[in-house]
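Notes follow once the structure below has been shown.
The values are calculated or read from the model by the stated rules, or taken from the named source; none is laboratory data. Please read these numbers as outputs of a predicted model, since none were measured by experiment. Cβ placement follows ideal geometry from the backbone for every residue including glycine, while neighbour counts extend to all protein chains displayed.
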Amino acid sequence: MTTNKIRINKFLAMAGIASRRKVEDFILSGRIDVNGETISSLAVMIDPTVDRVELDGEVLRFEDKVYFILHKPSGYITSVTDDKNRPVVMDLIKTPFRIFPVGRLDWDTTGVLIMSNDGDFANVMLHPSNKIMRTYEVKLDKPFDPEHLPLLKKGLSLDGVKGKFETVVINRKNPRLVTVECTEGRNLFVKRMFRKLDYFVDKLHRSKFAGFTVNDLKPGTFRQVSLQEIRDVLAKYSHK
């Protein structure tokens, strides 16, 4: 006898409401109902063809997967909504699909931000074990001292966990401008790394993430990513 049942967290990720880790938070906080009953266990199995699943009272269904690259401008919160009514990145993309940011950039950080409704794809992009490269262009409050290069590349402790940049390139004409590469996704990582060495980051721009760039996009504009581009990224980073 065949069955169509799948775990509730997998269904929620496939429904495109958030990454796999985030939907688990929705379940544990009692925001998910199955057939009118609130659930709080990640082990619940459901049949998508029969069972009625709701998030905060809204019925969820499978959607076609879509992917966008947004050139995030400064002054926007990387969130779907904001309780203080500040501008959010969702204001910049008009689509009928329920998309969400894949990861985050600080409100004053600009550059590559992926938006999608594919929770499994988001999980691949954000999981630390996949070591996805990010490139940042940094403007410091003062010239960067080359003597600090070994410290940034060897690693500095942040909250007891070592962080490092894979590459550090100083602009010869203006040593306040530094380009770094890293696989870290921790909150404020780049700013905190430089702060450990007594620099403040005046401007921060993510110029590349998982090979995606915004070179052809003006701040505040976006493009839809082809499925072939997504397949190429998943083939490179997914752990089978």
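So which of 19, 79 ends up being within 21 Å of residue 113 (Cα to Cα) and at pLDDT 90 or above? Even if it seems obvious, please write down each step before you answer.
Numbers: 19 fails: at pLDDT 90 or above.
The conditions single out 79.
Of the residues examined, residue 49 is one that is touching a residue at least 40 places away in the same chain (Cβ under 8 Å), under 21 Å from residue 4 (Cβ atoms) and out of contact with any helix residue (DSSP H, G or I) (no Cβ under 7 Å at 6 or more places or on another chain). Out of 29, 19, one residue alone is buried (at least 16 other Cβ atoms within 10 Å of the Cβ) and hydroxyl-bearing (Ser, Thr, Tyr). It is 19. Evaluated against (1) among the charged types (D, E, K, R); (2) at pLDDT 90 or above; (3) under 29 Å from residue 177 (Cα atoms); (4) over 13 Å from the mean Cα position of the chain (by Cα), residue 86 falls short on exactly one condition, (3).
Quick test for you: out of 231, 186, pick the one residue that is at pLDDT below 95 and assigned to a loop (DSSP other than H, G, I, E, B). Show your work before the answer.
Working: 231 fails: assigned to a loop (DSSP other than H, G, I, E, B).
From the options 231, 186, the qualifying one is 186.
Just a yes or no: is a residue in region 141-154 closer than 20 Å to residue 13 by Cβ and either surrounded by 17 or more Cβ atoms within 10 Å (Cβ to Cβ) or without any contact (Cβ under 8 Å) to a residue 12 or more places away in the chain (or both)? No; the residues of region 141-154 include none that is closer than 20 Å to residue 13 by Cβ and either surrounded by 17 or more Cβ atoms within 10 Å (Cβ to Cβ) or without any contact (Cβ under 8 Å) to a residue 12 or more places away in the chain (or both).
So, in region 33-69, of the ones that are under 18 Å from residue 100 (Cα atoms) and aliphatic (A, V, I, L, M), which residue ends up surrounded by the fewest Cβ atoms within 10 Å (Cβ to Cβ)? Residue satisfying both the conditions and the ranking: 59.
So which residues in region 128-155 are under 27 Å from residue 229 (Cα atoms) and not in a strand (DSSP E or B), if there are any at all? Steps first, answer last, please.
Residues of region 128-155 that are under 27 Å from residue 229 (Cα atoms), as a first pass: 128-137.
Selection gives 128, 129, 130, 131, 132, 133.
Restricted to region 48-61, and to residues that are in a loop (DSSP other than H, G, I, E, B) and touching a strand residue (DSSP E or B) at 6+ places or on another chain (Cβ under 8 Å), which residue is farthest from residue 203 (Cα to Cα)? Can you show your working first?
Restricting attention to region 48-61, the residues satisfying the condition of being in a loop (DSSP other than H, G, I, E, B) are 48-52, 56-57, 60-61.
Subset that is touching a strand residue (DSSP E or B) at 6+ places or on another chain (Cβ under 8 Å): 48, 51-52, 57, 60.
Working: 48: 46, 51: 49, 52: 47, 57: 41, 60: 40 Å.
By that ranking, first place goes to 51.
All conditions in (1) touching a strand residue (DSSP E or B) at 6+ places or on another chain (Cβ under 6 Å); (2) among the polar types (S, T, N, Q); (3) farther than 28 Å from residue 148 by Cβ hold for residue 171, with the sole exception of (3). Can you name every residue in region 212-225 that is surrounded by fewer than 14 Cβ atoms within 10 Å (Cβ to Cβ) and touching a residue at least 24 places away in the same chain (Cβ under 8 Å)? Those that are surrounded by fewer than 14 Cβ atoms within 10 Å (Cβ to Cβ) and touching a residue at least 24 places away in the same chain (Cβ under 8 Å): 218, 224. Residue 128 meets the conditions (1) in contact with an Asp or Glu (Cβ under 9 Å, 6 or more places away or on another chain); (2) under 28 Å from residue 167 (Cβ atoms); (3) free of Cβ contacts under 8 Å to residues at least 60 places away in the same chain; (4) buried (at least 19 other Cβ atoms within 10 Å of the Cβ) in every case but one. The failed one is (4).
Assigned by TED's automatic domain parsing to the domain that holds residue 108, among the aromatic types (Phe, Trp, Tyr) and in contact with a strand residue (DSSP E or B) (Cβ under 6 Å, 6 or more places away or on another chain): is that true of residue 222 in this structure? For residue 222, the condition - assigned by TED's automatic domain parsing to the domain that holds residue 108, among the aromatic types (Phe, Trp, Tyr) and in contact with a strand residue (DSSP E or B) (Cβ under 6 Å, 6 or more places away or on another chain) - is met. Pairs linking a residue in region 100-112 that is free of Cβ contacts under 8 Å to residues at least 40 places away in the same chain to a residue that is part of a loop (DSSP other than H, G, I, E, B), with Cβ atoms under 6 Å and 6 or more positions apart or on different chains, are 101/78.
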